[in-house]
Amino acid sequence: MGMPSGQRVVVVGGGFGGLSSACYLADAGCDVTLLEKNEQLGGRASRLERDGFVFDMGPSWYLMPDVFERFFGHFDREPGDYYDLQRLDPHYRIFFKDGEAPRASGDRAAEPRDNTVVDISPDRAENRELFASIEDGGGEAFEEYLDTSQTHYETAMEKFVYEDRSRLRDWIDLDVMRAAPIGLQLIGSMQGHVSDYFEHPKLQQIMQYTLVFLGGSPRNTPALYNMMSHVDFNLGVYYPVPKDREGPGGIGVVVDSVVELGEELGVTFETDSEVEEITRRKEGFHVETVDEEIYRPDRVVVNADYRHAEQELLPEHERQYDADYWDKRTYAPSAFLMYMGVEGDVEELAHHTLVLPEDWDPHFQQIFNQPAWPDEPAYYLCVPSKTDDDVAPEGHSNLFVLVPIAPGLRDTEALRERYRERVLDDIADNTGVALRDRIVVEEQFCVDDFVDRYNATEGTALGLAHTLRQTALLRPNNASSAVDGLYFTGSFTTPGIGVPMCLISGEHTAEALLKDR
């Protein structure tokens with residue numbers, strides 16, 4: 001990358017895509033100012049602090065360590081210069097909802113249902129034995145599936161992720177043609193692909209749960225995302241902690257580290273600076289905040305919600321897509337989140353715990369096809385205090401529960417309260433952990449909060465889902481086709497959803513800007 005020194009760039013939004021773009025552009029010689037709407041940087045990777053409890057509000061899984069190494073490596077640094085990693089053991093625990101049990105009442109937990117409870121280990125051989133114990137031939141199928149997943153991951157990352165191929169002409173390339181058969185055999189659904197290897201529904205769920213991180217379901221996500229199993233089983237699940245081992249860990253530590261890198265490169269960060277207008281004028285861009293601060297950069301990179309930016313921040317003649325385009329997109333789920341500080345331990349839970357129904361298709365139906373608050377939810381529990389003493393006061397546990405729900409759902413206090421009671425009962429029924437009478441701190445976050453805090457379309461927690469029609473070059477452009485000098489980054493554009501993908505998106509956007517100089 002290279003650009004005449006002093007080119008002024010404003011980055012709108014301080015999520016990982018915006019932070020990444022800002023670092024790459026500053027390193028290339030641009031004068032970069034990043035404007036963030038909220039009081040802290042990180043976008044959805046914000047922190048919530050209450051009475052000694054520190055919660056990661058959004059992303060909580062550190063996956064794909066190779067992407068972080070590559071990102072910091074571009075600047076002649078490494079993650080270890082800023083933070084350390086602890087590999088989790090187990091990577092995560094799964095409670096499968098089977099059978100019946102009485103509900104918990106008061107502060108006493110019922111015995112959990114006759115569940116199958118499994119731990120996914122950092123040891124591949126142990127996981128092979130687990131699969132073999134659940135299904136005849138499961139061990140061999142596990143090895144074959146992971147070998148295929150690794151091949152697809154390495155090919156996809158080299159040919160289709162690290163290289164930005166967001167235009168049709170980018171695919172007319174001999175190397176891409178050689179790799180194309182992999183993609184062509186995997187344009188079916190993940191459900192069809194996984195069922196070719198495993199018959200048992202529990203094994204199918206283990207191989208598909210990561211689709212929630214991509215904002216999809218087994219029936220609408222392309223099979224090429226089987227590569228996520230290589231991420232899960234081979235590359236590992238980690239927890240970031242501060243370099244000096246003082247203070248709370250979590251994804252917030254990674255945000256702090258990228259911000260520190262940006263400051264070293266010369267980026268100016270301004271929080272509490274919500275942008276309300278972006279226009280292209282004869283002398284350059286006009287970027288105005290709600291506080292009437294005005295910036296006049298040469299280029300603009302938008303890391304805000306893409307639909308919000310186009311429909312609310314840009315004048316109509318500078319938009320690439322109309323309202324009808326955005327109405328026809330498939331958005332990733334929203335979420336009902338409960339952040340809880342709890343007295344005592346929650347011994348039954350791991351750092352990462354999944355609770356999955358025997359049949360999770362109805363839950364996905366109520367996200368994508370018939371939007372409703374889920375009748376039989378699949379959900380995720382995060383207990384970082386299992387690993388980190390600094391996220392909760394002594395004698396307490398830090399816990400949040402995330403239930404994926406349909407974007408755009410009606411969200412009221414009464415609905416939240418009813419669903420809260422349902423979820424607390426479900427946790428007690430299926431894990432044996434009674435929380436209700438031990439909660440000392442509680443905050444909720446749901447559809448309306450995603451809209452208010454992040455300007456998220458329909459309250460999506462993630463962005464655009466990774467359906468077949470919204471993958472690769474079928475996602476919105478990272479360089480505006482309507483306005484010269486305007487660019488987009490983050491989970492709406494390529495390569496897609498998730499912290500690692502947004503870091504790469506920031507690189508793609510910076511490259512596009514620098515090529516267009």
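Each value in this text was obtained by applying a stated rule to the coordinates, not by laboratory testing. Everything quoted here is computed from the prediction, not taken from an experiment. Heads up, the Cβs are rebuilt from the backbone with ideal geometry, glycines too, and the neighbour counts pull from every protein chain shown.
Using only Cα atoms, tell me the angle between helix 174-185 and the longest principal axis of the chain; keep it within 0 to 90° and round to the nearest 10.
30 degrees
Quick check: the angle from helix 124-134's long axis to the longest principal axis of the chain, C-alpha only, nearest 10 degrees?
The angle comes out at about 50 degrees.
Which of the three applies to the chain, rounded, prolate or oblate, going by the alpha-carbon gyration tensor with a ≥ b ≥ c and a/c under 1.5 meaning rounded?
prolate
Between R410 and Q370, 0.36 nm times their residue separation minus their Cα-Cα distance comes to what?
13.1 nm
Place a label point 7 angstrom from the Cα of D98 along the Cα-to-Cβ direction, then list the residues of the range 116-151 whose backbone nitrogen is under 14 Å away.
116-119, 131-136
Apply 1/(1 + (r/R0)^6) to the Cβ-Cβ distance of E343 and R50, taking R0 = 22 Å, and write down the FRET efficiency to the nearest 0.05.
0.90
What does the extension gain come out to for E143 and D196, with contour length at 0.36 nm per residue minus their alpha carbon separation?
17.7 nm
Tell me the relative contact order for the chain as a rounded percent, counting alpha carbon contacts under 8 Å between residues six or more apart.
That works out to 24 percent.
Quick check: net charge around S133, other residues with Cβ under 14 Å of its Cβ, Lys/Arg +1 and Asp/Glu -1?
-4
Under a crude label model (7 Å from the Cα following the beta-carbon direction), how far is E69 from K515 in nanometres?
2.7 nm
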